[in-house]
Structure formats: structure tokens, C-alpha cells
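**Q** Provided herewith is a single structure, encoded as C-alpha cells, for subsequent inquiry.
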Amino acid sequence: MSGEIRKILVVVIWLVLIFGMISPAPVRAAEKKSSQTASAKGKWQTKKGRKYFKKADGHYAKGSCRIDGKYYVFSRKGKLMCPEKASLKTVMEETYYVSSSGRAIGGWNIIGDNLYYSEKTGLIKKNTVREGITLSKTGAAKKNRAYKMKVKVMKTVASVTKSKKTKEKKLRACWKYISGKEFRYRLKYPD
């Protein structure tokens, strides 16, 4: 890899770690419309092997719902969405990124050959620009230089860190990667 690309990669890794992948995204007014932001009161129910959350008002949770500080995604009929593996699911004309346990997945994610951004509610952002990356009407990022750099950084960070580690440990692992044997800067001073 050329020296110039490595320098750019170092800067982008730090920016992603500090501002992108690790820090939670704020909930904006648009997300409040499609999801419940306050923790819902109620109780979990199981019917025919499927999980539901019946809220205190007697209605079942739909779309993204915050329960005990965690976001879950429910179908139009209130069933907890539990795909076999993390995937995109559409509920009431909104697309969410959902884990196999029904939890909403937020942040930047590589799904198949595409890059998506979802809020902490799991809601996929569409028709917008996020961190210089253009997101289409489906939510997939436009495949340009910013896209390529983001994907490269995400894959590099994932290869040198463990997803369950704290922010401090991830930063330390990235620093070791950058300053370790594999990565050195050489300065040439003029005579």
C-alpha cells in the first residue's frame, strides 16, 4: 500500500473510531415519528412460540420500540422480528436493520456488497448524506471514493479489534496497529 493511502487510512480510522463506529448516533425528530424513544412500559408475551410486547395501554409494540433501554423491532402485527441472521426488514414502509434476537442494530454496517447507515433505533437512513457518504432511496451508499474509504477503514478496524471490546481498548488496538511493526513513517530531511 502506498504511503499516501496509508496516511489517509490512519486519519480516517481515527475519525471513524472517534465519531462514527463507537459513539451512538443521536435520535432526530424524524426518527421519533417512526419509533418510540421513551422506554415502553408493559410486558413480554409469548404466543405460539412468537414473542410480543404488550404495552401498558393494551396495544402491541410495532416498528422500533425502546424497552428497558434497548431497541427492538416488531412487525405490523406486533411480533418481534427475529430473522435467522442480522438483516434488513421492512415494517410499515420503514426499513430497519435487525439482529437475530430482534434487537435494532445502529451505525454503519456492511450488508452484502452495500454500506448502510442506521440510527440506534435500527431505522435505515435514506436519501441523505451522512459523513460525506451519499445514501440512496434504498439506503445503500453510493459507491464512490468516500464509500470505498469507509469500507476499507471498517474492515481494517474490524480486523485489528474485537467487537465486544470497550472504546478505549479499540483505540489502543488501532494505535498498536498504526504504530506497530507493520506500519512506520519515514521522514527524509533535505541535506
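The values are calculated or read from the model by the stated rules, or taken from the named source; none is laboratory data. The model shown is predicted, which means the values in this text are computed figures rather than measured ones. Reconstructed Cβ throughout: ideal geometry from the backbone, glycine too, with neighbour counts over all protein chains shown.
**Q** Kindly indicate which of Leu123, Leu80 is crowded, with 19+ Cβ neighbours inside 10 Å, in contact with a Lys or Arg (Cβ under 8 Å, 6 or more places away or on another chain), at pLDDT 95 or above and of a type outside the set (Ser, Thr, Tyr).
**A** Result of the check over Leu123, Leu80: Leu80.
**Q** Identify the single condition in (1) closer than 30 Å to Trp44 by Cβ; (2) over 13 Å from the mean Cα position of the chain (by Cα); (3) of a type in the set (Phe, Trp, Tyr) that Trp175 does not satisfy, given that it satisfies every other one.
**A** (1)
**Q** Tell me which of these Lys89 doesn't satisfy, since it passes every other one: (1) part of a loop (DSSP other than H, G, I, E, B); (2) under 22 Å from Trp44 (Cα atoms); (3) among the basic types (Lys, Arg); (4) free of Cβ contacts under 8 Å to residues at least 24 places away in the same chain.
**A** (1)
**Q** Looking only at region 60-76, decide whether some residue is crowded, with 19+ Cβ neighbours inside 10 Å, touching an Asp or Glu at 6+ places or on another chain (Cβ under 9 Å) and over 30 Å from Ala146 (Cα atoms).
**A** For region 60-76, residues crowded, with 19+ Cβ neighbours inside 10 Å, touching an Asp or Glu at 6+ places or on another chain (Cβ under 9 Å) and over 30 Å from Ala146 (Cα atoms): present.
**Q** If you check Gly132, Gly106, Gly112, which single one turns out to be under 23 Å from Val157 (Cα atoms) and under 13 Å from the mean Cα position of the chain (by Cα)?
**A** One residue alone meets the criteria, Gly106.
**Q** Sticking with this one: Take the residues in region 154-178 that are within 19 Å of Ile110 (Cβ to Cβ), part of a helix (DSSP H, G or I) and among the charged types (D, E, K, R), then tell me which one is modelled with the highest pLDDT.
**A** So, considering only residues that are within 19 Å of Ile110 (Cβ to Cβ), part of a helix (DSSP H, G or I) and among the charged types (D, E, K, R), the one modelled with the highest pLDDT is Lys155.
**Q** Consider region 135-147. How many of its residues are part of a helix (DSSP H, G or I) and either crowded, with 17+ Cβ neighbours inside 10 Å or within 17 Å of the chain's Cα centre (by Cα) (or both)?
**A** 2
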